[in-house]
Amino acid sequence: MKKLTITISTLFLLITAGTVIGQNTRFSDPATVIRDQFWGKLYADGGRSFFCDAPFTHKGFIMTDGYVYPLADIRTALDCGTSRQCEKDDRYRQIASDLHNMVPVRSRIEMQRRSVRYDNVGNTVQPDECGIRVSAQFFEPPERVKGDVARTVAYMVDTYGLPWLGASAILKQWNRLDPPDDSELTRHRRIAEIQGNENPFVTHPERMETL
């Protein structure tokens, strides 16, 4: 009986540990995370904007914190109400504090991306100076970050039970065509150190095929 109790306890601890590793459990205050962790640690020395790959030294009027999986879509999925109402929802606060979903973007592009779906827009639409194509409610990122976008969306879908932002088949295709590069892997490692969990689709991109 004692052995059975120990086995059950061990199993419970393993399951609990897996849950902790699998999602953001360290942060639940989006504003503080953005200030102290995102800009204060992850991009304290500047970096390169996510979609345009342009260098920056600090947050300013041009640069802002963006979300690969937009906050508006998270609020809709959780059905927690308005922006102000959702800020009182513990689940929303946890998801909105996840660094794996945050990227530095130009303010203009972040405004442009709100409430869009990821898709292949096609060559009939000319790309802008950053390589972005936009048509109606569809947004096609530059080739070099299509995989980054796909793996982030997959993480949000798998970790928090959110719906896909676009056709899963297209995002899986982007994942195959644009595997993780050194820049993505370096950023991922730094986030894992700060937040305490990984995005398994960055370390094992083939896992996207099982979703």
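Values quoted throughout were computed directly from the atomic coordinates according to the rules given, and no laboratory measurement underlies them. Computed from a predicted model, the values in this text were never measured in an experiment. Counting neighbours? That spans all protein chains shown, and the Cβs are built from the backbone with ideal geometry, glycine included.
Going by how many other Cβ atoms sit within 10 Å of their own, how do GLU184, GLU193 line up, fewest first?
GLU193, GLU184
When you count, for each residue, the other Cβ atoms within 10 Å and take the mean per peptide, how do 124-136, 67-79 rank with the highest first?
Most protected by this proxy first, the peptides run 67-79, 124-136.
Each residue of region 27-32 in order: what ³J(HN,Hα) in whole Hz does its phi give by Karplus 6.51 cos²θ - 1.76 cosθ + 1.60, θ = phi - 60°, with x for Gly and Pro?
10, 8, 10, x, 4, 5
Using the 10 angstrom Cβ neighbour count as an exposure proxy, how do SER183, SER115, SER97 rank, fewest first?
SER115, SER183, SER97
For the chain, with a Gaussian network of springs between Cα atoms less than 10 Å apart, report the residue from MET63, MET111, MET156 with the top mean-square fluctuation.
For the chain, modelled as a Gaussian network with Cα springs under 10 Å, the answer is MET111.
Using the number of other C-beta atoms within 10 angstrom as an exposure proxy, rank GLU140, GLU206 with the fewest first.
Starting with the residue having the fewest Cβ neighbours, the order is GLU206, GLU140.
Among DSSP beta bridges whose residues both lie in the chain, state the antiparallel percentage, nearest 5.
That works out to approximately 75 percent antiparallel.
Going from the alpha-carbon gyration tensor of region 26-210, what semi-axes, largest first and in whole Å, does one get by taking the root of 5 times each eigenvalue?
Working through the eigenvalues yields semi-axes of 22, 19, 18 Å.
What's the center-to-center distance, using Cα atoms, between region 98-117 and region 52-78 in Å?
Using only Cα atoms, the two centres lie 3 Å from each other.
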